[in-house]
Amino acid sequence: MEFISCVLLLVLTFTLAQALRSLLSRSKNAKQNLPPGPSPLPIVGNLLALGKKPHQSLAKLAHIYGPIMCLKLGQVTTIVVSSAEMAKEVLQTHDQFLSNRDVPHAVEVFNHEKYSMTFLPISPLWRDLRKICNTQLFSNKTLDASQDLRRKKLQELLHDIEQSSLIGEAVDIGRAAFNTVINLLSNTIFSVDLFQSAGSVGDFKEIVTHIMEECGKPNTADFFPALKKFDPQRINSRNGFYTGKVIDIFRRLVDQRLKLREVQGVDTHNDMLSTLLNIARENSQEMDKTKIEQLSLTLFVAGTDPVTYTLEWAMAELLQNEKAMEKAKQELEQTIGKGKPVEESDLVRLPYLQAVIKETLRLHPPVPFLIPRKADENVEICGYTIPKGARVLVNVWAVGRDPSSWKDANVFSPERFLSSEIDVKGRNYELTPFGSGRRVCPGLPFAMRMLYLMLGSVLNCFNWRLEDGLTIEDMNMDDNFGLALAKAEPVRIIPEKIIN
């Protein structure tokens, strides 16, 4: 309602001259052979067509206008692609001219857009940060060396679930997963359990969720750039408040480590912060304190909710699909033995578990739209022009449910991946939940390891049932739109320990 109210206010306050300017602009754009799309209203364009769930609304429009379409969202020409073929054009064929970002106003807090790999333009700083992530933080060698840490955090998760099983208490599987991921990340980066009590974990989860929600909200300041300085919906202001809380935590941790190094003269920690501070010492231009804080922010926000939501969606789908649940548990029992946690060395021998995760990511991608791109110049795709400066959205939610790519597209069926080479690494454009090309998510290897380990272990170590009085039909499978695609209602289920 807040967004709609702002839009209606704009309709009332914008002048006739601005409306005429918009008409002249559309006439000019028509000569560029823009992709087809719904006719825009004066001033607001197609904003009202977004609805409460833009990923679904734009998918429906794509059935009418095609897999590449043009919308006028306020003053911003927006190109939306909704098929694997068109995604490949954007993410691979014309990646050179469509790699830079259209930065949401919500992100422009604490200069985050000037330091974040996610939003930086392709530049020397972006390349430096990317290189650090690929070679120092998320390389196979680094991840293999930190297996013991992931094993320890997984054991803590299973212990907490077992305690709930002893008293018949329901587990909020999303919150439990968040707790595990956040402590794993904080140990990987800072060598500390950042949040130990349930209350503090809950508080931090709310902060991260608020950040994801604010960044995902339709924002009038993004559609009418002149309004950015007014922040009419207060989205930038609220996100600055939440982001500031997280930055303060990281700043204290970095300061503590710097003081420790100064006093002891040596850093005995073997974590990401130590690696980043060593890089800063060797080359102060490449990595400094501010960049470390901002990189930590990116890793925590991008690495927590998407993994949490994917695990939660996977459990929800398996609970609703008894045969798939049975197949997953049978594979685990036959491969590693009943009641045992999954080890990373087991993963290559668990094709059905891998298929469950892929199918979950197909139906419920962590982000419904890949982070918006911006055309650096006019680009021709299939005879249509993407004009310079246009915002480009890849609707991965729609691509994952495109009937031209997937049989029974809306049905949860992990079996479809058992005889398929399609993967999530960005080379198959039918399934790009983590992006593709130069902008593919650098944390993908970490995220996938955690998803396989957590899902496989909670399935193999426990049987699960809904809370008393609830049935599968009572489960709400709706989503809440945001930067990440959250489940509308949490999955609360009662565990029963499996004895091996």
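The values are calculated or read from the model by the stated rules, or taken from the named source; none is laboratory data. Quick caveat: nothing in here was measured; it's all calculated off a predicted structure. Virtual Cβ from ideal backbone geometry, glycine too; neighbours counted across all protein chains shown. Accessible surface areas use protein heavy atoms only, side chains included; no ligands, DNA or RNA. Shrake-Rupley method; radii C 1.70, N 1.55, O 1.52, S 1.80 Å.
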In whole percent, and with a 1.4 Å probe on the protein chains, what portion of the accessible area of region 306-457 is carbon and sulfur? 48
Length-normalised contact order of region 52-109, Cα under 8 Å, at least 6 apart, in percent, tallies to 20
Extend 7 Å from the Cα of residue 474 along its Cα-to-C-beta direction; within region 480-495, residues with backbone N under 12 Å of that point are 492-494
Residue 343-residue 268 pseudo-label distance in nm [points 7 Å out on the Cα-to-Cβ vector]: 2.9
Which of the GluC sites (Glu not before Pro) found in region 138-184 are in a DSSP loop and have at most 13 neighbouring Cβ atoms, other than their own, within 10 Å? 169
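With the cut-off at 1.5 for a/c, could you classify region 205-279 from its C-alpha gyration tensor as rounded, prolate or oblate?
Values: a/c = 3.45, a/b = 3.08, b/c = 1.12.
Because a/c hits 1.5 or more and a/b exceeds b/c, region 205-279 counts as prolate.
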Taking just the C-alpha trace of region 295-409, give me its Rg and Dmax in Å. 19.0, 58
Solvent-accessible surface ranking, highest first, for 269, 159 at 1.4 angstrom: 159, 269
Leaving out ligands and nucleic acids, note down the accessible area per residue over region 351-399 with a 1.4 angstrom probe, in whole Å². 26
May I ask you to give the percent of accessible area on region 121-198 that is carbon plus sulfur, with a probe radius of 1.4 Å? 48
For the chain, what does -39500 (n - 2.57) per DSSP helix run (n ≥ 4), summed and divided by total residues, give at 222 nm, in deg cm²/dmol to the nearest 500? -16000 deg cm²/dmol
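Multiply the residue gap between residue 228 and residue 466 by 0.36 nm, knock off their C-alpha separation, and tell me the result in nm, one decimal place.
81.1 nm
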Between residue 241 and residue 326, what is the label-to-label distance in nm when each label sits 7 Å out along the Cα-to-Cβ direction? 5.1
With DSSP loop assignment and no more than 15 other C-beta atoms within 10 Å, the GluC sites (Glu not before Pro) in region 456-500 are 467
Is the shape of region 174-308 best called rounded, prolate or oblate, per the rule: a/c under 1.5 gives rounded, else a/b larger than b/c gives prolate, else oblate, with a ≥ b ≥ c the square roots of the Cα gyration tensor eigenvalues? oblate
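Once a ≥ b ≥ c are taken as the square roots of the eigenvalues of the Cα gyration tensor of region 441-500, is the result rounded (a/c under 1.5), prolate (a/b larger than b/c) or oblate (a/b not larger than b/c)? Provide the component values of the computation, followed by the final result.
On the way: a/c = 4.20, a/b = 1.13, b/c = 3.73.
It is oblate, given that a/c is not under 1.5 and a/b is not larger than b/c.
I'd like to check one number: the per residue accessible area of region 255-322, probe 1.4 Å, reported in Å² as a whole number.
Working: 2950 Å² over 68 residues.
Using a 1.4 Å probe on heavy atoms only, each residue of region 255-322 averages 43 Å².
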Cα-only radius of gyration and Dmax that characterise the chain, units Å: 23.3, 75
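Could you work out the relative contact order of the chain? I mean the mean sequence separation of Cα pairs under 8 Å and 6+ apart, divided by the number of residues, in percent. Show your work: numbers first, answer last.
On the way: 757 pairs, mean separation 117.6, N = 500.
Relative contact order comes out at 24 percent.
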Starting from region 282-390, pick out the GluC sites (Glu not before Pro) whose DSSP state is loop and whose Cβ has at most 15 other Cβ atoms within 10 Å. 343, 377
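For the chain, what are the DSSP H helices with axial Cα length of 24 Å or more and mean Kyte-Doolittle hydropathy of at least 1.0? If you can, show how the numbers build up before the last one.
Values: long enough: 147-166 (28 Å, -1.13); 173-190 (25 Å, 0.94); 198-216 (27 Å, 0.14); 235-264 (43 Å, -0.51); 289-320 (47 Å, 0.27); 444-461 (25 Å, 1.33).
Taking the DSSP H segments of the chain (at least 24 Å long, mean hydropathy at least 1.0), we get 444-461.
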FRET efficiency, 1/(1 + (r/R0)^6) with R0 22 Å, evaluated for residue 420 and residue 334 via beta carbons: 0.50
Length-normalised contact order of region 67-170, Cα under 8 Å, at least 6 apart, in percent, tallies to 11
